[in-house]
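*Asks:* Let me give you the structure first, and then I'll get to my questions.
The values are calculated or read from the model by the stated rules, or taken from the named source; none is laboratory data. It should be emphasised that the depicted structure is a prediction, and the values quoted were computed from it without experimental measurement. For neighbour counting, all protein chains shown are included, and Cβ atoms are generated from backbone atoms with ideal geometry for every residue, glycine included.
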Amino acid sequence: MTDRQAMIIRAVVEQYAEVASPVGSSLLAKVFNVSSATIRAEMAELERLGYIKQPHTSAGRIPTDKGYRFYVNSLGDQDETATDRRATRALAARVGVGGGVPDKTIRNAVDTLVELTYNLGLATIGDQLYMGGLANLFGQPEFIDGTQVRQVAQLLDNLEPWLREVAPNQSLNVYIGAENPIGRTANCSLIISRFRSPYSDSSYIGVLGPTRQSYREVMSLVERTGRTLERALYE
């Protein structure tokens with residue numbers, strides 16, 4: 001893959017996350033200061049390789065799961081932004097007002113993630129599942145289809161036992177689309193952070209949303225929330 005092709009994938013992911021409509025060659029031609037024909041040739045090759053796809057007869061393309069995975073893997077370490085700092089302050093303010101009550105602290109953390117990411121927020125502490133923001137998830141244009149809604153419901157019904165069985169052990173875990181072992185065709189991404197808890201050896205917090213995500217921002221928020229919640233529970 002060429003450097004320009006890699007940049008095109010990143011541009012398609014980011015633009016599609018912002019506008020929720022297929023990204024056309026004319027827009028990318030302006031971004032990369034080349035002709036539309038050049039971009040169309042590059043996009044045709046990326047489609048052949050499976051990184052993007054054409055959802056209908058329009059000229060626009062959207063990322064595939066493979067394209068999203070390439071994007072997420074290419075993020076690497078990111079410098080802290082002003083948005084990150086504001087999110088950290090918001091998390092500290094909201095999560096820290098739990099008054100030492102674990103249940104309230106965890107719910108505050110989930111609710112804050114819901115507000116900041118516009119996704120469904122969730123946390124698991126042992127066998128206890130906390131969840132909020134279901135309306136956010138089903139309000140996304142991806143979930144107009146009832147079949148996908150049922151797939152999401154199946155994923156949520158089986159989430160807690162699956163996490164207990166698989167026990168992802170990274171500080172941040174990202175499962176994109178068909179990578180989810182349940183709800184494979186629901187077009188969802190599960191972004192979860194494992195954190196230490198005095199109440200369970202398997203504690204997670206994160207979000208479930210469409211594969212169309214602002215991954216850098218959401219991943220950063222989920223990881224920060226896990227660390228903030230960890231500190232609050234051990235205070």
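*Asks:* For the stretch 197-229, how many residues are within 20 Å of residue 94 (Cα to Cα) and either part of a strand (DSSP E or B) or touching a strand residue (DSSP E or B) at 6+ places or on another chain (Cβ under 7 Å) (or both)?
*Replies:* Counting residues in the stretch 197-229 that are within 20 Å of residue 94 (Cα to Cα) and either part of a strand (DSSP E or B) or touching a strand residue (DSSP E or B) at 6+ places or on another chain (Cβ under 7 Å) (or both) gives 13.
*Asks:* Also: Given the conditions (1) buried (at least 22 other Cβ atoms within 10 Å of the Cβ); (2) part of a helix (DSSP H, G or I), which single one is not true for residue 192?
*Replies:* (2)
*Asks:* Considering only the stretch 1-115, give the helices (runs of 4 or more DSSP H) lying wholly within it that have at least 3 residues that are surrounded by 14 or more Cβ atoms within 10 Å (Cβ to Cβ), within 24 Å of the chain's Cα centre (by Cα) and assigned by TED's automatic domain parsing to the domain that holds residue 208.
*Replies:* Per the criteria, 82-95.
*Asks:* Are any of the residues in the stretch 121-128 modelled with pLDDT of 85 or more, of a type in the set (Asp, Glu), part of a loop (DSSP other than H, G, I, E, B) and exposed (fewer than 12 other Cβ atoms within 10 Å of the Cβ)?
*Replies:* Yes: the stretch 121-128 contains one or more residues that are modelled with pLDDT of 85 or more, of a type in the set (Asp, Glu), part of a loop (DSSP other than H, G, I, E, B) and exposed (fewer than 12 other Cβ atoms within 10 Å of the Cβ).
*Asks:* I'd like the residue in the stretch 139-155 that is among the hydrophobic types (A, V, I, L, M, F, W, C) and under 30 Å from residue 200 (Cα atoms) and, out of all such residues, is surrounded by the fewest Cβ atoms within 10 Å (Cβ to Cβ).
*Replies:* Looking at the filtered set, the residue picked out is 153.
*Asks:* Still on this structure: Residue 150 is checked against (1) in contact with a Phe, Trp or Tyr (Cβ under 7 Å, 6 or more places away or on another chain); (2) free of Cβ contacts under 8 Å to residues at least 12 places away in the same chain and fails just one. What number does that condition carry?
*Replies:* (1)
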